[in-house]
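Visitor: Sending over a structure as structure tokens; questions will come in a sec.
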Amino acid sequence: MRNSSLLALLRSDRVAFVAAIWLMLVVGIALVGPEVVGKAATGLDLRARNAPPFDFSRGWVHWLGSDALGRGILARIFLAARTTLGIAVASVLLSMVIGGTLGIIAGLSRGSLGKVIMRGTDVIMSFPSLLMALIVLYVLGGAPANLVVVLAITRLPVYVRTARAEVLEIRERAFINAARVMGAGQVHLALRHIAPLVLPTLFIIGSLDFAYVMLAESALSFLGMGVQPPSITWGLMVAEGRSYLNSAWWLSFWPGLFIMLTALSANLLASWFRIAGDPTLRAAQGNTGHA
Amino acid sequence: MHEPKPLLEIDRLSVDFPAPDGLFSAVRDVSITIAPSEALAIIGESGSGKSVTANAVMGLLDAPPARVHGDVRFEGRSLFSMPDRQRRDLWGRRIAMVFQDPLTHLNPVYPVGWQVTEVCRIHGMARTEADRRAMELLDRVGIPDVRRRMGDFPHEFSGGQRQRVMIAMAMALSPDLLIADEPTTALDVTVQAQILDLLRDLRTESGMALMMITHDLGVAADIAERVVVMRRGEIVEEGALDRVFAAPVHPYTRQLLTDRSEEYRSARPGVAPAVLELDRVGVHYGTFEAVRDVTVTLRKGEILGIVGESGSGKSSLASAILKLRRPSSGNIRFHGRDIYALGREEETGFHRGVQAIFQDPFSSLNPRMTVLKVISEPWLLHRDVLPRDRWRGRAAELLDMVGLTESDLDKYPAEFSGGQRQRIAIARALALEPEVIVCDEAVSALDMTVQAQVITLLADLRTRLGLSYVFIAHDLTLIRKFADHVLVMKAGDVVEQGVAEEVFSRPSALYTRQLIASSPVPDPRRQAERRTARRRTLVHASTAP
Amino acid sequence: MNRFVLKHGTQSLFALLCLLVLVFFLARLTGDPTDLYLPMDASIEQRAEFAASHGFDDPVVVQFGRYLAGVMRFDFGDSLFQGRPAIDAVLAAFPVTLKLAGVTMALSLVLAIVIGSLAAWRPRSIFDRVASMLTIASASAPDFWVAIVAILVFAVSLGWLPTSGMGSPAHWIMPVGVLMFRPLGLLTQVVRAAMIGALAAPYVKTARAKGAGKSRIIFVHGLRNAMLTVITVAGDQAATLINGAVVVETVFGWPGIGNLMIQAIQQRDFAVLQACILMTAFAIFFMNVLIDIAYSRLDPRVRTS
């Protein structure tokens, strides 16, 4: 895969390009945002209590309005970006690594180990993930680290199943047999041949899952079972603003919009990458029209 | 002589597809006519444009992206400019088509009976009558016990039967023209022979014209009256079957028809030492017995050909030899030692001494590894063979040996054609300087001319390096040209084995005779004789697979 | 019943059992219920009596055994908070969620099939591009936020629809509308992809060569095959629909199982929590069996192999 041509392809698709820019912006906010806004995100400012948005006479952190304690919404969003994205990225990486490894093992194992792994994923799959997370988080408490682990576990099956299905297909290809004839062992096959072929698929799933996990975290925080104050995520901001819905709609609206736009960008980019990264699919997309 | 009015005229047809670097022109300026009841074969290798031509006639190319120019006329009326409704009225009723792979071309979720009646129903036949007609047709094409099997689904039939169903569907409304796109390519030779006979009989009965697309000169010799030879989108030669086969004009046709049988075989080694010995080897999959009691010896410098149709157990036997699947009985010895009871060092020796080349050139190389990585993988696994700083140089030598160049080392497999990929696979197999190479259908997926080149290469390497081959193929002609010793397998059993020349000239088993009679040869006269012979050896439709 | 359905059924049953064990022990970890129900200054005797009367002083394994035996008789114990059998509370809440989820799923499926098929007929057309954008957007929307915005617009500003409760058809519009967002988006994408795959399949070529028209190709040959994929995904979606139902029921104040479960967690009401989870899991198990049966009816290859 040549990166320069991929970049050119990205430029040619306007929608995907905008999505990529938004994601980079949000990641930038998560990286440096909290330091940029500094005390503006936590300090009280009673003169700005529930100030409406688009009042440009105040500082820029108040442009999207202010909350009941007079803190600028934009500042709060910047502060929450790090926690929100951090949790999502960490749990995606965690489930991708563990799920991918388990899936490759399950695909290569012809014995009971593979079966145990698959039954385990069945158990996780057979119950609504949000309910499972609710219960576990209530037991363990809503610390960000717990949230990461719980979300990662609920998303494990996707990676395990995908990786296993890919391995089962790759395992039948002739180059695997050719390597085995040369005396290659399971570890050589897994690392040299199988992992490099499975990884791109896992990354695509990961980018789709990033959106999913972020939405799940927001929902949990919204229900009060996720991150607890004074930590803050976008989902928690929506929940906190809910009681002011009649008087100050902006408290809930803006953080929710940030969730939506970020999830949307991740989904758009993932579906674009699925086509752009796979030349056969790219051709197939153009080839199915009927005269 | 009076020229009959043509049934179908393909008039200066061109088809282009968009490609990364401009347009790829798949068919260029092709004109073909077919008279009523004529049998025409379009011969060509992959990329010749023969299938694109057939699909363009039926309007089955997706446009866009395909750009079609020129015209196709049926009984003088242009198919390209007539309204969709009228064209649809011709499809299935006047012009019908049979495809290469019957499993994917039949809809998996409908019973076969329904799929045959569908043609009749589309063209306005009443339900009960359509049902009766479907039953009659399926019976005619040789589906046994039709009344019961009408409700069965495509996956419940064998490959040959599925193609019979496709043919029944095509024949439903007695079309004037049948277009058959490689209809027998996916089938075993004995089944292929039966399908060809069926097509021939149906043509005699109904007087329809046939346009047969094939890569197999033998098939063309069997069924056609006139042939068109295509290459890279253009017609290179056209004429009556006998004339083209007896006196080809174009160099490409001549190249296709060249028989190299004598070029490959070197003098058979006398009593060279045994390298590989199989002793009463059996292979099971669960309770299914894939291979029974195979005993054979491969000597140094010898080529052992194993021939059989699908399900004969030949590939299972290869897996056992390559230590990919443990035999359930008997033993296999490499230089006298049981390969499934080797010490650590002997194990390494075995993995160096025995290599493999597999069938599918597209899956035999890891798509994410450069050629250099592919060829040096054996050295990575056997680190004492070659120091890392000499990998590149040695890989270049090996590439040179198989007819590629050093500049190819940094390319990825996707940049090579099927034949070139098989050459790379051969280079990889040579990296550890093996004594035995197992070729499991190693050239079956390649075009005829490419096949000939790879076989020449293998024959040459044997002479230069003293290699022995286990050469597995379904193609009788290949084995005949190449092998010293032959093993004929059927349903897991060895039905006959011996010195190649003797087995082929004086076959003792009935099955070997059937195989030989079914395997088409690119010679119309000999093919006609064989057809008569096979009518005698083969039991027809009633016991068809 | 055929082997395919049986095999999947036993697998799901096993999952069900694992879940039961998991949830019982997890729920025990949430904390001591005696702390919750007795006043802070309760004496040790009072605590012991409370624990003994509810069986909390037995070893956990004994409690689990008693619980399992109860489950067999559909006896999930009494709700500590509501003072009635847990199963009654669950059975009262269950139909509400079932109706909500059922209506949402049915509507989503129908719409997804129509939109997805139209988009697949001409991929990359304007309709396809717009539909793809919208479905990805709707699959990316946080449902709780959509619910809040909907209340803000339709209830608070415009005053067209009631904010919470259930009763008149008007009460259904917002909850169903919000709950549909995700499954509709996802299913439309799945229908589109499956239809594009089916329409590019070789058997469609055969149908065209037979002289079949557009509608026959789309509905008889394409859709029937695409439905195999769609049904599987719809099954997975139905389980995730419960996720959304929890949120929607909380926001719109519907007395469904999601609401009940959140309450139970907050009140540490073991009996109700376990009954909720088990009933939900059982409902999902039952639905999976139904989907397997539907699948094996639609795909003859599964039926006979």
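Visitor: Say R0 is 45 Å: what FRET efficiency, to the nearest 0.05, do B:Arg243 and B:Met82 get from their beta-carbon distance?
Guide: About 0.80, to the nearest 0.05.
Visitor: Still on this model: Work out the mean other chain Cβ neighbour count within 10 Å for the residues of C:15-22 and drop it here as an integer. All intermediate terms of the calculation are to be shown ahead of the outcome.
Guide: Working: counts 9, 3, 1, 7, 5, 0, 0, 5.
Shielding by partners across C:15-22 averages 4.
Visitor: Given R₀ = 45 Å, FRET efficiency for A:Thr101-A:Ala8 by Cβ-Cβ distance, to 0.05?
Guide: 0.85
Visitor: Moving on. Note the angle between two axes, namely the Cα long axis of helix A:73-108 and the longest principal axis of the Cα atoms of chain A, as a number of degrees from 0 to 90, rounded to the nearest 10.
Guide: That helix lies at roughly 10 degrees to the long axis.
Visitor: Arrange the peptides B:219-230, B:324-335, B:350-361 so that the one whose residues have, on average, the most other Cβ atoms within 10 Å appears first.
Guide: B:219-230, B:350-361, B:324-335
Visitor: Per residue of A:179-188, count partner chain C-beta atoms within 10 Å of its C-beta, then hand back the mean as an integer.
Guide: Working: counts 6, 5, 17, 16, 11, 5, 1, 0, 0, 3.
Other-chain Cβ atoms within 10 Å of each residue's Cβ, averaged: 6.
Visitor: Turning to a different aspect of this structure: Quick one: grab the alpha carbon gyration tensor of the stretch C:86-302, order the square roots of its eigenvalues as a ≥ b ≥ c, and give me rounded if a/c is under 1.5, else prolate or oblate depending on whether a/b is larger than b/c.
Guide: oblate
Visitor: To continue, here is another question. With the Cα gyration tensor of the stretch B:116-192 giving a ≥ b ≥ c as the square roots of its eigenvalues, does the rule (a/c under 1.5 for rounded; else a/b larger than b/c for prolate; else oblate) give rounded, prolate or oblate?
Guide: Oblate, because a/c is 1.5 or more while a/b does not exceed b/c.
Visitor: Continuing with the same structure: Let me have the 222 nm mean residue ellipticity of chain B computed from DSSP H runs of 4+ only, each contributing -39500 (n - 2.57), with the sum over all residues rounded to the nearest 500.
Guide: -11000 deg cm²/dmol
Visitor: Roughly how tilted is helix A:144-171, in degrees to the nearest 10 and between 0 and 90, from the longest Cα axis of chain A?
Guide: Its long axis makes an angle of about 30 degrees.
Visitor: Using a Förster distance of 41 angstrom, determine the FRET efficiency expected from the C-beta separation of B:Arg147 and B:Ala509, and round it to 0.05.
Guide: The calculated FRET efficiency here is 0.70.
Visitor: With θ set to phi - 60° and the Karplus curve 6.51 cos²θ - 1.76 cosθ + 1.60, what are the ³J(HN,Hα) couplings of the stretch A:231-242 in order, to the nearest whole Hz, using x for Gly and Pro?
Guide: 4, 9, 10, 4, x, 5, 4, 4, 5, 5, x, 4
Visitor: Also: For the stretch B:149-200 and the stretch C:107-122, write down the distance between their C-alpha centroids in whole Å.
Guide: Cα centres, the stretch B:149-200 to the stretch C:107-122: 36 Å.
Visitor: Averaged per residue, what accessible area in Å² does the protein assembly as shown show with a 1.4 Å probe, protein chains only?
Guide: For the protein assembly as shown, the solvent-accessible area averages 42 Å² per residue.
Visitor: Another one. Past the 21 Å Cα-Cα mark, which pairs from B:Lys373/B:Lys411; A:Lys115/C:Lys7; B:Lys50/C:Lys214; A:Lys115/B:Lys323; B:Lys300/B:Lys481?
Guide: Values: B:Lys373/B:Lys411 10 Å; A:Lys115/C:Lys7 14 Å; B:Lys50/C:Lys214 27 Å; A:Lys115/B:Lys323 25 Å; B:Lys300/B:Lys481 19 Å.
Going by Cα-Cα distance, B:Lys50/C:Lys214; A:Lys115/B:Lys323 fall outside the 21 Å limit.
Visitor: Mind listing the long-range amide H neighbours of B:Lys490? Cut-off is under 5 Å, sequence gap 5 or more, other chains count too, H placed in the peptide plane at 1.01 Å from N.
Guide: Here B:Val495 satisfy the definition.
Visitor: Between B:Glu237 and residues 5 or more places away or on another chain, which pairs have amide H atoms under 5 Å apart, with H built 1.01 Å from N, and which residues are they?
Guide: Counting only residues 5 or more places away or on other chains, the set is B:Val229.
Visitor: Once a ≥ b ≥ c are taken as the square roots of the eigenvalues of the Cα gyration tensor of the protein assembly as shown, is the result rounded (a/c under 1.5), prolate (a/b larger than b/c) or oblate (a/b not larger than b/c)?
Guide: On the way: a/c = 2.02, a/b = 1.71, b/c = 1.18.
Prolate, since a/c reaches 1.5 and a/b exceeds b/c.
Visitor: Roughly speaking, what is the centre-to-centre gap between the stretch A:79-117 and the stretch B:319-391 when only Cα atoms are used, to the nearest Å?
Guide: Between the Cα centres of the stretch A:79-117 and the stretch B:319-391 lies a distance of 33 Å.
Visitor: Modelling each spin label as a point 7 Å along the Cα-to-Cβ direction, I'd like the C:Leu17/B:Ser174 distance in nm, to one decimal.
Guide: 6.6 nm
Visitor: While we're here: For B:Val98, enumerate residues with amide H under 5 Å from its amide H, sequence gap 5+ or separate chain, H modeled in the peptide plane.
Guide: For B:Val98, the qualifying residues are B:Ile179, B:Ala180, B:Asp181.
Visitor: Then there is this: Please state the charge dipole magnitude for the protein assembly as shown, taken about the Cα centre, from unit charges on C-beta atoms (+1 on K and R, -1 on D and E), reported in debye and rounded to the nearest 20. Walk me through the numbers before you get to the answer.
Guide: Working: 115 positive and 103 negative charges, 181 e Å.
Around 860 debye, computed over the protein assembly as shown.
Visitor: How would you rank C:270-278, B:455-463, highest first, on the average number of other Cβ atoms within 10 Å across their residues?
Guide: Descending packing order for the listed peptides: C:270-278, B:455-463.
Visitor: How many nm is it between the label spots at B:Asp89 and B:Glu225, if each spot is 7 Å from the Cα in line with the beta carbon?
Guide: With each label point 7 Å from Cα toward Cβ, the separation is 2.9 nm.
Visitor: Here's something else I'd like to know. Using only Cα atoms and rounding to the nearest 10 degrees, what angle (0 to 90) does helix B:112-122 make with the longest principal axis of chain B?
Guide: Between helix and principal axis, roughly 30 degrees.
Visitor: If you don't mind, another one. Beta carbons within 10 angstrom, averaged per residue: use that to sort the peptides A:108-117, A:222-231, A:94-103, highest first.
Guide: A:94-103, A:222-231, A:108-117
Visitor: With Cβ to Cβ distances under 13 Å as the rule, what net charge do the other residues near C:Ala139 carry (K, R +1; D, E -1)?
Guide: So the environment of C:Ala139 carries a net charge of 0.
Visitor: Take the alpha carbon atoms of the stretch C:279-302, find their center, do the same for the stretch B:1-80, and report the distance between the two centers in whole angstrom.
Guide: Using only Cα atoms, the two centres lie 48 Å from each other.
Visitor: Calculate the mean, over all residues of peptide C:239-250, of how many other protein chain Cβ atoms lie within 10 angstrom of the residue's Cβ.
Guide: Per-residue shielding by partner chains comes out at 4.
Visitor: Okay, moving on. Roughly what would the spin-label model give for B:Ala528 and A:Ser247, points 7 Å off Cα along C-beta, in nm?
Guide: Each label point lies 7 Å from its Cα, and together they span 10.4 nm.
Visitor: If you take the charge dipole of the stretch C:86-302 about its Cα centre, with +1 on Lys and Arg Cβ and -1 on Asp and Glu Cβ, which of C:Thr97, C:Gln237, C:Met279 is farthest toward its positive end?
Guide: Working it through, the farthest residue towards the positive pole turns out to be C:Gln237.
Visitor: Dipole of chain C, Cα-centred, from +1 at each Lys and Arg C-beta and -1 at each Asp and Glu C-beta, to the nearest 20 debye?
Guide: It comes to approximately 2600 debye.
Visitor: For the protein assembly as shown, what is the percent of antiparallel DSSP beta bridges, rounded to the nearest 5?
Guide: 55 percent
The values are calculated or read from the model by the stated rules, or taken from the named source; none is laboratory data. Model, not experiment: these values are computed from the prediction. Every residue, glycine as well, gets a Cβ built from its backbone with ideal geometry; the counts of neighbours run over all protein chains shown. Just so you know, the surface numbers come from the protein's heavy atoms only, side chains and all, with ligands and any DNA or RNA stripped out. Shrake-Rupley method; radii C 1.70, N 1.55, O 1.52, S 1.80 Å.
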